[in-house]
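K.L.:
Encoded as structure tokens, here's the structure I'll be asking about.
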Amino acid sequence: MTTREQDALKAYLNLLERKGVPEVKLIQRQYIILRLVPFIEHIELDGLHYREAVDQLFKKLDPAEWAICIPVIRDYFSFWVKDIKAIAGMNQDHAFEANAKSWQPETRDLKALWESLDKATLTNVEVKPLETYENALRSRGADDSFIDTRRKLAKLLLLRLRDVPHKQPNAYRKVIDANLPLFTTDETHHTFLNVGREFYYFWKGDGNAMQQLAMAA
């Protein structure tokens, strides 16, 4: 393990320990990061290369492990790139608390959930970011099938975000993590994560949201 990854892991675990996270959970998180390290220790220090490395790791993981690994890998990223502002924000949002509550998906039946989305009604406030996201995709040349899939996934996120009191990044991440186990194939897994990454900026009303779209113009 290179010094970069080792220092980031030490800082991450030290903070968790100070927050009162039990030793057994510290060991579990350390193990997850140690499985990731071979994929990141020789890559460039940025989000794009990190995500690509994580995707390579996930190809070797059982889908049942995804829900456990994703939050740890996501938290570790901020320590890896030494993003003090992000760490402070997560800390303020109680992301590192020992007894932090994690959201769970309401159903494991993706087929039933998918069919129910068309019947769910959104509020005017919820419709606005969804329409903005859809229009942005269309302006980039996406076809109807491409847009329909992403619209449904974004709608799923909006429905899960209804009880979030503030538009905090950690709350959004928890929704992604809680629903990720529903998507068990490589294709659906990657699509859901990509939509999650893109739609976040539309959900929070970021003026530069268009620039976050992964699809090439």
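The values are calculated or read from the model by the stated rules, or taken from the named source; none is laboratory data. Note that the structure is a prediction, hence the values are computed from the model and not measured. Quick reminder, even Gly has a Cβ in these numbers, built from the backbone with ideal geometry, and neighbours come from all protein chains shown. Remember, those area values only see protein heavy atoms, side chains included, never the ligands or the DNA or RNA. Shrake-Rupley method; radii C 1.70, N 1.55, O 1.52, S 1.80 Å.
K.L.:
How many residues are touching a residue at least 60 places away in the same chain (Cβ under 8 Å) and not aliphatic (A, V, I, L, M) when one looks only at the range 52-75?
P.N.:
Summing the residues that are touching a residue at least 60 places away in the same chain (Cβ under 8 Å) and not aliphatic (A, V, I, L, M) in the range 52-75 gives 8.
K.L.:
Within the range 48-90, which residues are assigned to a loop (DSSP other than H, G, I, E, B) and either among the basic types (Lys, Arg) or surrounded by 18 or more Cβ atoms within 10 Å (Cβ to Cβ) (or both)? Outline the logic, then answer.
P.N.:
Narrowing the range 48-90 to residues assigned to a loop (DSSP other than H, G, I, E, B): 59-62, 81-83.
Result: Lys59, Lys60, Lys82.
K.L.:
Can you find a residue in the range 20-27 that is modelled with pLDDT under 90 and not polar (S, T, N, Q)?
P.N.:
Narrowing the range 20-27 to residues modelled with pLDDT under 90: 20-21.
Checking the rest, the ones that are also not polar (S, T, N, Q) come to 20-21.
Yes, that holds for at least one residue.
K.L.:
Also: Could you check, for the range 5-19, whether at least one of its residues is at pLDDT 90 or above and outside any helix (DSSP H, G or I)?
P.N.:
There is no residue in the range 5-19 that is at pLDDT 90 or above and outside any helix (DSSP H, G or I).
K.L.:
With touching an Asp or Glu at 6+ places or on another chain (Cβ under 7 Å) and modelled with pLDDT of 80 or more as the only criterion, which of Leu158, Leu153 stands out?
P.N.:
Going through Leu158, Leu153 in turn, just one is touching an Asp or Glu at 6+ places or on another chain (Cβ under 7 Å) and modelled with pLDDT of 80 or more: Leu158.
K.L.:
Continuing with the same structure: With respect to the numbered conditions (1) touching a residue at least 60 places away in the same chain (Cβ under 8 Å); (2) open to solvent by 60 Å² or more (accessible area, probe 1.4 Å); (3) part of a helix (DSSP H, G or I), which one is the sole condition not fulfilled by Ala178?
P.N.:
Single failed check for Ala178: (2).
K.L.:
How many residues, within the range 10-35, are open to solvent by less than 40 Å² (accessible area, probe 1.4 Å) and out of contact with any Cys (no Cβ under 8 Å at 6 or more places or on another chain)?
P.N.:
Step one: list which residues in the range 10-35 are open to solvent by less than 40 Å² (accessible area, probe 1.4 Å), which gives 12-13, 15-16, 21, 26, 32-33.
With the extra rule that they be out of contact with any Cys (no Cβ under 8 Å at 6 or more places or on another chain), the set shrinks to 12-13, 15-16, 21, 26, 33.
Going through the range 10-35 one residue at a time, the tally reaches 7.
K.L.:
For the range 75-92, which residues satisfy the criterion of being closer than 14 Å to Leu16 by Cα, within 14 Å of the chain's Cα centre (by Cα) and modelled with pLDDT of 85 or more? Outline the logic, then answer.
P.N.:
Step one: list which residues in the range 75-92 are closer than 14 Å to Leu16 by Cα, which gives 75-76, 78-79, 87-88, 90-92.
The next check asks that each one be within 14 Å of the chain's Cα centre (by Cα); those that pass are 75-76, 78, 90.
Asp75, Tyr76, Ser78, listed by residue number.
K.L.:
Kindly check whether there is at least one residue in the range 143-162 that is open to solvent by 10 Å² or more (accessible area, probe 1.4 Å), assigned to a helix (DSSP H, G or I), closer than 24 Å to Asp55 by Cβ and aromatic (Phe, Trp, Tyr).
P.N.:
yes
K.L.:
Could you grab me the full set of residues in the range 133-142 that are surrounded by 15 or more Cβ atoms within 10 Å (Cβ to Cβ) and free of Cβ contacts under 8 Å to residues at least 40 places away in the same chain?
P.N.:
Glu134
K.L.:
Still on this structure, I have one more. For Gly196, indicate whether it is at positive phi and either at pLDDT 80 or above or not acidic (Asp, Glu) (or both). If you could, list the steps in order and put the result at the bottom.
P.N.:
Working: at positive phi: no; either at pLDDT 80 or above or not acidic (Asp, Glu) (or both): yes.
It is false that Gly196 is at positive phi and either at pLDDT 80 or above or not acidic (Asp, Glu) (or both).
K.L.:
Just the residues that are assigned to a helix (DSSP H, G or I) and free of Cβ contacts under 8 Å to residues at least 12 places away in the same chain, please, taken from the range 116-132. Spell out the reasoning first.
P.N.:
As a first pass, look at the range 116-132 and keep what is assigned to a helix (DSSP H, G or I): 116-117, 124-132.
Answer for the range 116-132, where residues must be assigned to a helix (DSSP H, G or I) and free of Cβ contacts under 8 Å to residues at least 12 places away in the same chain: Ser116, Asn124, Val125, Val127, Lys128, Glu131.
K.L.:
On the basis of being among the hydrophobic types (A, V, I, L, M, F, W, C) and either farther than 26 Å from Phe192 by Cα or assigned to a helix (DSSP H, G or I) (or both), does Leu36 make the cut?
P.N.:
Details: among the hydrophobic types (A, V, I, L, M, F, W, C): yes; either farther than 26 Å from Phe192 by Cα or assigned to a helix (DSSP H, G or I) (or both): yes.
In short, yes.
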